[in-house]
Amino acid sequence: MSFIIFKRILFVTAMTIMMVIVAIAYWRWTSRMAWKEPSFRSEKFTISDSSEIQAADVPALMQINKEYMRISQLVERAVVSIETTGISRDAVVSENGEIAESKSMTVHGLGSGVIVSKEGHIITAYHVIRNKHALRVTLSNGRNVSVRLIGVDEELDIAVLQVDNARLKFEPIPFGDSELLKPGMMVLACGNPYGLGATVSRGIISSRARKLVDSGLTLIQTDTPIFPGNSGGPLVNIFGEIVGINKSVLSDKDKNYGGIGFAIPSNHVLHSFAQICRHGRPMRGYLGFDIVPSTPPLRSYLDYHDANGVVVNLVKPGSPAEQAGLMCGDIIQRYNNIDIYNVDELQKNIENLIIGDKFKLTIWRKGQKLSLSMRVGDRILQSIPTQWENFMDELGMTLREFTAEEQSIGARGLLVTHIEEKNPVNNIMNVGDIIFAVNHKPITSLENFAEIIRKGEAILSVSRDVEQFNVKVNVRSTSAQTDSPPHQLNDAGGED
């Protein structure tokens, strides 16, 4: 009985497999026949003549379409594409691990720019042309033109070029006021992404003032796509005005675009562009002081009880701020006749000052109100050695005073930030050491330190972590020796 059942199951299984095989074979045969024998007969077809939705049904969208088209046509005529060529040098390492030679390789890049003057001036991002020896600029009509470099602003990351053909006529687009931007406003990014040609993409302003740690710039954040090749192109508002210059995007570790792009604000760009055209370089003002918010701990430390003001955290030696009498720990209450309540308010007032501008600061210092007059200096000229730099060259060390914020948590003395290799103290002291006394007298300022040490041989009381030791120095002979080993604790208050 069981044998009969087994035979029936085997028969059913075999029949099922045969039917599946036959079905597959038939399907493949009919498919092959249909492919090999196409029909050339006339086929009847009927397409829809019109959509159920007419222009009258979507008047708002029709108007938006027309407005986007008009803005795009206006902007595209002023956008240029930039192809760059440069040389990349990679070190070749030999088998023994030494650098044997430098291998040169030609590299190509893409970028964009925008025409901003009737004379053919083009603004682009500086990183687009940096270290490139050849540029190929193509206008919106497809014409290739030669250009010359007018100047660059490395800090702002912009470059100014000019078309080297006075016979050509240009239709520049105007600058808008980037200070008027608000999150949610619609903008268009224009450029030449991936070398595809003039391209327009739409988005909104995500943030008007986004600070990046790596650049230090205050940038516009937008979700408008800014892909490779878009850098240097304009970010425009709904009036076709330049409100920014496309700079970069934020991508993940796989370099995938995450919907976050950045642009340089137009107000900064226009200011730098005008300075470059007039002087060949950005005439960036220099004041030489740093400010921080007047936090409760700082106000308590300084014994200051008002709610307004910002704290001067650092004053650079030889700077216009020092010459005006500003000191670390001062609280700035007013700029000219404007009350100051936070850091952004003061920065907004001074960021567009030009070299030679004068202004007044009302400060609070140890219970007294003082009025200081300050003139904006030239940052380029600050490379000329000051009396402090000359003095530090003689000393063989670079020192700085502690900021008000550092002092509020107990820091005292002068911080060692650099030591010359040939200086004898290089074998004794380290960068990061703190000189808290000279000749066993507490020291807090560079001026006081220089006054004492220039008299001849001096004893520096130095603190390193939990250790303290004394070092003898003589600026005139640039010699140094320790009174005791630097890793042995001593009483810094008296002679050993």
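The values are calculated or read from the model by the stated rules, or taken from the named source; none is laboratory data. Note that this is a predicted model, so its numbers are computed, not measured. Cβ coordinates were reconstructed from backbone atoms using ideal geometry, including for glycine residues, and neighbour counts include every protein chain displayed. SASA here: full protein model, heavy atoms, side chains in, ligands and nucleic acids out. Shrake-Rupley method; radii C 1.70, N 1.55, O 1.52, S 1.80 Å.
For residue 165, are the conditions met, namely being open to solvent by 40 Å² or more (accessible area, probe 1.4 Å) and in a loop (DSSP other than H, G, I, E, B)?
When the stated conditions are applied, residue 165 does not pass them.
Test residue 416 against the stated conditions and say whether it is β-branched (Val, Ile, Thr), open to solvent by 10 Å² or more (accessible area, probe 1.4 Å) and farther than 24 Å from residue 325 by Cβ.
no
Any idea which of (1) open to solvent by less than 60 Å² (accessible area, probe 1.4 Å); (2) touching a strand residue (DSSP E or B) at 6+ places or on another chain (Cβ under 6 Å); (3) not aliphatic (A, V, I, L, M) is the one residue 322 doesn't satisfy?
Failing condition for residue 322: (1).
Please verify whether segment 167-190 includes one or more residues that are touching a residue at least 40 places away in the same chain (Cβ under 8 Å) and in contact with a Cys (Cβ under 9 Å, 6 or more places away or on another chain).
Scanning segment 167-190, I find no residue that is touching a residue at least 40 places away in the same chain (Cβ under 8 Å) and in contact with a Cys (Cβ under 9 Å, 6 or more places away or on another chain), so the answer is no.
Being at pLDDT 85 or above, within 26 Å of residue 272 (Cβ to Cβ) and of a type in the set (A, V, I, L, M) is true for just one of 381, 372, 361, 415. Which residue is that? Can you show your working first?
Values: 381 fails: at pLDDT 85 or above; 372 fails: within 26 Å of residue 272 (Cβ to Cβ); 415 fails: within 26 Å of residue 272 (Cβ to Cβ).
Unique residue meeting the criteria: 361.
Just to verify a result, which residue in segment 459-477, among those that are open to solvent by 90 Å² or more (accessible area, probe 1.4 Å) and not hydrophobic (A, V, I, L, M, F, W, C), is modelled with the highest pLDDT? Lay out the reasoning, then the answer.
Keep residues of segment 459-477 that are open to solvent by 90 Å² or more (accessible area, probe 1.4 Å), which gives 465-466, 476.
Checking which are not hydrophobic (A, V, I, L, M, F, W, C) leaves us with 465, 476.
Numbers: 465: 76, 476: 58.
Per the criteria, the residue is 465.
Hey, among the residues in segment 204-232 that are under 21 Å from residue 109 (Cβ atoms), polar (S, T, N, Q) and surrounded by 24 or more Cβ atoms within 10 Å (Cβ to Cβ), which one's modelled with the lowest pLDDT?
230
Please state which of the following conditions residue 196 fails to meet, knowing it meets all the rest: (1) closer than 29 Å to residue 379 by Cα; (2) out of contact with any Lys or Arg (no Cβ under 9 Å at 6 or more places or on another chain); (3) surrounded by fewer than 13 Cβ atoms within 10 Å (Cβ to Cβ).
(1)
Does residue 235 satisfy the criteria of being modelled with pLDDT of 90 or more, assigned to a strand (DSSP E or B) and closer than 30 Å to residue 182 by Cβ? I'd like the intermediate steps shown before the answer.
Values: modelled with pLDDT of 90 or more: yes; assigned to a strand (DSSP E or B): yes; closer than 30 Å to residue 182 by Cβ: yes.
Yes: the conditions hold for residue 235.
Filtering segment 238-253 down to residues that are at pLDDT 90 or above and surrounded by 24 or more Cβ atoms within 10 Å (Cβ to Cβ), which residue is farthest from the chain's Cα centre (by Cα)?
It comes out as 242.
Could you please find all residues in segment 419-458 being free of Cβ contacts under 8 Å to residues at least 40 places away in the same chain, open to solvent by 50 Å² or more (accessible area, probe 1.4 Å) and part of a strand (DSSP E or B)?
Of everything in segment 419-458, those that are free of Cβ contacts under 8 Å to residues at least 40 places away in the same chain, open to solvent by 50 Å² or more (accessible area, probe 1.4 Å) and part of a strand (DSSP E or B) turn out to be 441, 442.
Of the residues that sit in segment 103-132 and are open to solvent by 60 Å² or more (accessible area, probe 1.4 Å) and free of Cβ contacts under 8 Å to residues at least 40 places away in the same chain, which one is nearest to the chain's Cα centre (by Cα)?
130
Residue by residue, here is whether (1) in contact (Cβ under 8 Å) with a residue 24 or more places away in the chain; (2) outside any strand (DSSP E or B); (3) surrounded by 16 or more Cβ atoms within 10 Å (Cβ to Cβ) holds:
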{"position": "297", "(1), (2), (3)": "yes, yes, no"}
{"position": "305", "(1), (2), (3)": "no, yes, no"}
{"position": "311", "(1), (2), (3)": "yes, no, yes"}
{"position": "314", "(1), (2), (3)": "yes, no, yes"}
{"position": "344", "(1), (2), (3)": "no, yes, no"}
{"position": "352", "(1), (2), (3)": "yes, yes, no"}
{"position": "356", "(1), (2), (3)": "no, yes, no"}
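Suppose the filter is of a type in the set (Val, Ile, Thr), within 30 Å of residue 450 (Cβ to Cβ), crowded, with 19+ Cβ neighbours inside 10 Å and under 28 Å from the mean Cα position of the chain (by Cα); does residue 269 pass it?
The answer is no for residue 269.
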